[in-house]
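Colleague: There's a structure below that I have some questions on.
The values are calculated or read from the model by the stated rules, or taken from the named source; none is laboratory data. Bear in mind that the values here come from a model prediction, so they are computed numbers and not experimental data. Here the Cβ is made from the backbone with ideal geometry for all residues, glycine too, and neighbour counts use every protein chain on show. Protein only, heavy atoms only, side chains kept; ligands, DNA and RNA dropped before computing areas. Shrake-Rupley method; radii C 1.70, N 1.55, O 1.52, S 1.80 Å.
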Amino acid sequence: MKMKKILVISLLAVFGVYLAEVLFKLDFGRQFFQQGVKDFYLITSPIKLQVANTVTAIVVNFRGFDTLGEVTVLFLATTAMGSILYKGRHQLGERTVLFSGSRIVTTGSRLLFPAIILLGAYVFIHGHLTPGGGFQGGVIIATGFLLMLMAYADYTVSHVVLSVVESLAGITFATIGLLGMLHGGSFLQDFLPNGSLNDLLSGGIIPIIYIAVGFKVGAELTGLIYTALNEKD
Amino acid sequence: MIYYLILIFFLLLLMIGAAIYSIVQKDLLYAVIGTGLISLVLSILFLLLQAPDVALTEAAIGVALTTIIFIITIKNTVRFEDEVYQKKPSKTEAK
């Protein structure tokens, strides 16, 4: 037992030494920090990329690969939660919400639902012009579906449609990255014309990617909520 | 400027208060609402500190989605902290 502990600690120490060596050897953007990487972003994104929202330019264009990783992390998290909660493919448990809301609640939800979906779509379509983007818009759309699921006891969403939408959105993201590879030489290279500042169709690949991310996040979180609501203890 | 600082100070105090409330509270539903309040105040703070993107994310995920998932969890498990020990006496023996 003691031998095992010593072995584990020494292994971790060796691993840590190598990791630390690599990390210290890397000049983590030292020259860029001296020049100010924020100045580079603030100057480049309105002038060269024609994107009004610098945060979106950083998230999708300069750090596009990180965003792909982020989307993957979210996908894995929802898959894990779904696989824990989902009991059987054809036998769902009883809904946690067993009764419909009162007439005021159902009518209000039915009125609010399109407005919430519209707000979510606005947030991710205008991600490069105003604050917001794919993640926020997707979550807002999921909240709209949540409202309907809570108000109506018999409201259902199709898992098949959700998975198709989610997969298509993910495929779009990866395909655009590969197309950039074909055109420019690197993954997620900007290959579309940039247009002019503050136009809806501007910023190259940013609107397409953010619309894909919005659909993906919305479908994932709606499926997550639906699975959690249908879970039987 | 001084009013701005006072407002931020007040919001921070509110956040700390909500956090302490949600730790102390035995009724887990109220505790979850406390964590939702933390996220709400935090999103207002992000907006005041000129980070609207982060504020939007925090409002959508922190206030709405996380709270709802916790409420669903409470609905499927137990509502009061003491019930955990009442339902499973083996757990208290182990501790």
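Colleague: Restricting attention to the stretch B:53-71, report how many residues are surrounded by fewer than 20 Cβ atoms within 10 Å (Cβ to Cβ), more than 14 Å from the chain's Cα centre (by Cα) and at the interface with chain A (Cβ under 7 Å from one of its Cβ atoms).
Modeller: Matching residues across the stretch B:53-71 total 1.
Colleague: Shifting gears a bit: Answer yes or no as to whether A:Leu147 is hydrophobic (A, V, I, L, M, F, W, C) and not in a helix (DSSP H, G or I). Walk me through how you get there before you give the answer.
Modeller: On the way: hydrophobic (A, V, I, L, M, F, W, C): yes; not in a helix (DSSP H, G or I): no.
It is false that A:Leu147 is hydrophobic (A, V, I, L, M, F, W, C) and not in a helix (DSSP H, G or I).
Colleague: Residues B:Ser90, B:Ser22: which one is modelled with pLDDT of 90 or more and under 28 Å from A:Leu85 (Cβ atoms)?
Modeller: Matching residue, one of B:Ser90, B:Ser22: B:Ser22.
Colleague: Could we say that A:Gly177 is buried (at least 17 other Cβ atoms within 10 Å of the Cβ), more than 14 Å from chain B (Cβ to nearest Cβ) and within 30 Å of A:Ser83 (Cα to Cα) here?
Modeller: Details: buried (at least 17 other Cβ atoms within 10 Å of the Cβ): yes; more than 14 Å from chain B (Cβ to nearest Cβ): yes; within 30 Å of A:Ser83 (Cα to Cα): yes.
The answer is yes for A:Gly177.
Colleague: So which pairs qualify, if the first residue must be in the stretch A:121-133 and away from chain B (no Cβ under 11 Å), the second must be part of a loop (DSSP other than H, G, I, E, B), the Cβ gap must be under 6 Å, and the two must be at least 6 apart or on different chains?
Modeller: A:His128/A:Val51; A:His128/A:Asn53; A:His128/A:Gly203; A:Leu129/A:Ala52
Colleague: While we're looking at this one, here's another question. Can you give me the number of residues within the stretch A:134-160 that are more than 9 Å from every other protein chain (Cβ to nearest Cβ) and either open to solvent by 40 Å² or more (accessible area, probe 1.4 Å) or of a type in the set (A, V, I, L, M, F, W, C) (or both)?
Modeller: 15
Colleague: Here's something else I'd like to know. Report yes if A:Ser163 is open to solvent by less than 60 Å² (accessible area, probe 1.4 Å) and either among the hydrophobic types (A, V, I, L, M, F, W, C) or within 20 Å of the chain's Cα centre (by Cα) (or both), otherwise no.
Modeller: So A:Ser163 passes the test.
Colleague: Could you tell me whether A:Leu201 is open to solvent by 70 Å² or more (accessible area, probe 1.4 Å) and either outside any helix (DSSP H, G or I) or at pLDDT below 85 (or both)?
Modeller: Taking the combined requirement at face value, the residue satisfies it.
Colleague: Taking the condition within 17 Å of A:Ile58 (Cα to Cα), modelled with pLDDT of 85 or more and open to solvent by 50 Å² or more (accessible area, probe 1.4 Å), does A:Ile171 pass?
Modeller: In short, no.
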